[in-house]
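These notes are about the structure you will find just below.
The values are calculated or read from the model by the stated rules, or taken from the named source; none is laboratory data. Note that the coordinates shown come from a computational prediction; the quantities given were computed from them, not determined experimentally. Here the Cβ positions follow ideal geometry from the backbone for every residue, glycine too, while neighbour counts run over all protein chains shown.
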Amino acid sequence: MSELAAVIADLIRAGTDPELVGRLVSAIAQRSATNAQQAKQVSPGAVRMRRYREHRKDNGLDANQPEYIFHREAILERDASQCVYCASEEDLVLDHIVPICQGGTDHPDNLATACRPCNASKAGKTAEEWGREVLAEGARAAMLRYSAQRSATSATSATSPSPPVPPPSPPPPPPPPPPPPPQPPPPQKNK
Ligand SMILES: [Zn+2]
């Protein structure tokens, strides 16, 4: 600000209309207030990234060092370096077939090659919810394996909702409780 004060002093010394100098000062103040406000606003991309990391944590996945990056080469090779949704060969990223926000993990069978536009458009949806098909054979087989594995896991876990499983044969009923010991009759008072 001392630089600004020096400029103002020079302007006044040079005979600039003080009213003009005043307008300049308030315009500068307004601009810096707007800048400060904009700096406080969080971009939608940053909000999405924060949610994504929270979902990863909820799923027990590392939020900072995603495991899926280690599978990148193998997945790209399996999918012939093409987007499994539109066959594009450009701007490829890894897509979670079952999105992280729906409980998907970094398991290689849950990963597919996708172009960035498809990945962004699919976002937090499954391919089915998104209304598109997994075209690549290898990725489709992986998707089926993954969903079979998931439903097997969720059947044993009590926390996640799962299709009703026929219960095992019920245990034999417990033996009837022994009759209660005879109780002395309650004292009766005659009035
Ligand atoms: Zn695509």
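Just the residues that are of a type in the set (S, T, N, Q) and surrounded by 10 or more Cβ atoms within 10 Å (Cβ to Cβ), please, taken from region 1-25.
Going residue by residue through region 1-25, those that are of a type in the set (S, T, N, Q) are 2, 16.
Scanning region 1-25 gives a single hit, Thr16.
For first residues located in region 44-69 and more than 24 Å from Thr153 (Cβ to Cβ), partners that are modelled with pLDDT under 85 and lie 6+ apart or on another chain with Cβ distances below 9 Å form the pairs Arg50/Val42.
Between residues in region 74-88 that are in contact (Cβ under 8 Å) with a residue 60 or more places away in the chain and farther than 12 Å from Leu135 by Cα and residues that are in a loop (DSSP other than H, G, I, E, B) and not basic (Lys, Arg), which pairs lie under 9 Å by C-beta distance while being six or more apart or on different chains? From region 74-88, the pairs are Arg78/Ala136.
Summed over region 109-139, residues that are out of contact with any Lys or Arg (no Cβ under 6 Å at 6 or more places or on another chain) and free of Cβ contacts under 8 Å to residues at least 40 places away in the same chain total 20. Among helices (runs of 4 or more DSSP H) entirely within region 72-154, having at least 3 residues that are more than 16 Å from the ligand (Cβ to nearest atom) singles out 72-78.
When you scan region 12-21, do you find a residue that is within 16 Å of the ligand (Cβ to nearest atom), assigned to a loop (DSSP other than H, G, I, E, B) and without any contact (Cβ under 8 Å) to a residue 40 or more places away in the chain, even just one? Before the answer, list the steps.
From region 12-21, those within 16 Å of the ligand (Cβ to nearest atom) are none; that's our starting set.
Among the residues of region 12-21, not one is within 16 Å of the ligand (Cβ to nearest atom), assigned to a loop (DSSP other than H, G, I, E, B) and without any contact (Cβ under 8 Å) to a residue 40 or more places away in the chain, which makes the answer no.
Looking only at region 49-61, decide whether some residue is over 15 Å from the mean Cα position of the chain (by Cα) and more than 16 Å from the ligand (Cβ to nearest atom). No, because not a single residue in region 49-61 is over 15 Å from the mean Cα position of the chain (by Cα) and more than 16 Å from the ligand (Cβ to nearest atom). The single condition among (1) surrounded by 15 or more Cβ atoms within 10 Å (Cβ to Cβ); (2) within 15 Å of the chain's Cα centre (by Cα); (3) more than 10 Å from the ligand (Cβ to nearest atom) that Asn64 does not meet is (1).
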